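Some notes on the structure that comes next.
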């Protein structure tokens, strides 16, 4: 696996578990470079100062915080490093919550990291992981990453643990201004039953391996075709529909209707299963033709 | 069950062995269905979907298809995709009674697309032909045979293809088929008497059409939904 991007320790109570953090996800989106349309040379981004009308080297820049319009206070690297934070180089566990109850508040997630214990912390790491898993708990913790203190959730994940950074509550926008359905909207029982049936019929086990980024694949195939000097193949046209499909749909529909009748009739007439055509027909509604 | 597909009463063979083939009539006066109030069950009837399409008599002679659609001088020109229909037939000199459909990209019959076709406004959608009855085969009229026999010959002669097929028929269980069709948004049921011969003009008891009231107003249910939704009792 790639290099760890952070090294520190999980801390709770008197326990310290040295760990490393690895990015759990990577972006697979296709990156483009900005070129000069004329010569196809790569554009360079220069840092420019409008006051001196000159390009500034990165080493001549400092961090400024705009505390009032056009007025800045400069923060040096030394001052940044000296910011008093208990959580520096530590994953400080604040509390444990039920994994299920916590889920609602932890929906605004940023980034997931895998944890790897240092050899000397392996036993405590495994102990924490097992207890979290058995008790169904999530640890809420704070960690400083990229100059920022982050709120995070720590969950057991397979044989490691997953640290998921969360947005702070004040970063989450309110949804109360949206135009949302109110309780006044009434739903007919039949509509609810239909929706429940539809959801039940589409309920299954989520298996992420079944899902792909189709846009990325399509874009990549266009790029590869251009690299190979070929014109991109236009997207496959939808296979024309066949009359046999309609007949198959009809057969499925009839089978469903028959099944619905069977299950409706079962509680009443379990014993009397009609075998012959006539017995079958006798149970059905009377002949009503020629009544128009 | 009474709803099984109609079994073949005879071995598939040329229905008119020996007799000299005759030319098909240019146009015929087709059988006209009798309207009834509602779907019913009757083992003497074969029930089929009344698809939202156009009644069409398909004549295949010398490998060439001719379509007779009410109010249309040359229907074949509007449906060039169906020109391969004769290749699906085991017999030349054959005349079929059936329904012309236009399928939308989801495979559903679309009456609006059909109207556009018939009006000569382009060729949207994909045409299909669902055959229900056999009038002529091998250059001989079979209209005096019972529908039971004509239907069996039809199924023996017409090889199902992507564009043309014999419609699914269900014997006896009209109300069951009506329930299934209601869930698909089809509003009519066809019932042909198995013992009746083909009559030109009003059919009497030989061919009935029953309206199907949809269980709930669902403007255009998708096929996926149709396959999943429970059928209302």
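No other residue among A:176, A:165 is part of a loop (DSSP other than H, G, I, E, B) and at pLDDT 80 or above apart from A:176.
The set of residues in segment B:147-187 that are more than 7 Å from chain A (Cβ to nearest Cβ) and either at positive phi or assigned to a loop (DSSP other than H, G, I, E, B) (or both) comprises B:159, B:161, B:167, B:169, B:173, B:185, B:186, B:187.
Report yes if residue A:19 is in contact with a strand residue (DSSP E or B) (Cβ under 7 Å, 6 or more places away or on another chain), in contact (Cβ under 8 Å) with a residue 12 or more places away in the chain and farther than 30 Å from residue A:220 by Cβ, otherwise no. Spelling it out, residue A:19 is indeed in contact with a strand residue (DSSP E or B) (Cβ under 7 Å, 6 or more places away or on another chain), in contact (Cβ under 8 Å) with a residue 12 or more places away in the chain and farther than 30 Å from residue A:220 by Cβ.
The set of residues in segment B:17-44 being outside any strand (DSSP E or B), more than 17 Å from residue B:135 (Cα to Cα) and in contact (Cβ under 8 Å) with a residue 12 or more places away in the chain consists of B:36, B:37, B:38, B:39, B:40, B:41.
The values are calculated or read from the model by the stated rules, or taken from the named source; none is laboratory data. Because the structure is predicted, anything quoted here is derived from the model rather than measured. Virtual Cβ from ideal backbone geometry, glycine too; neighbours counted across all protein chains shown.
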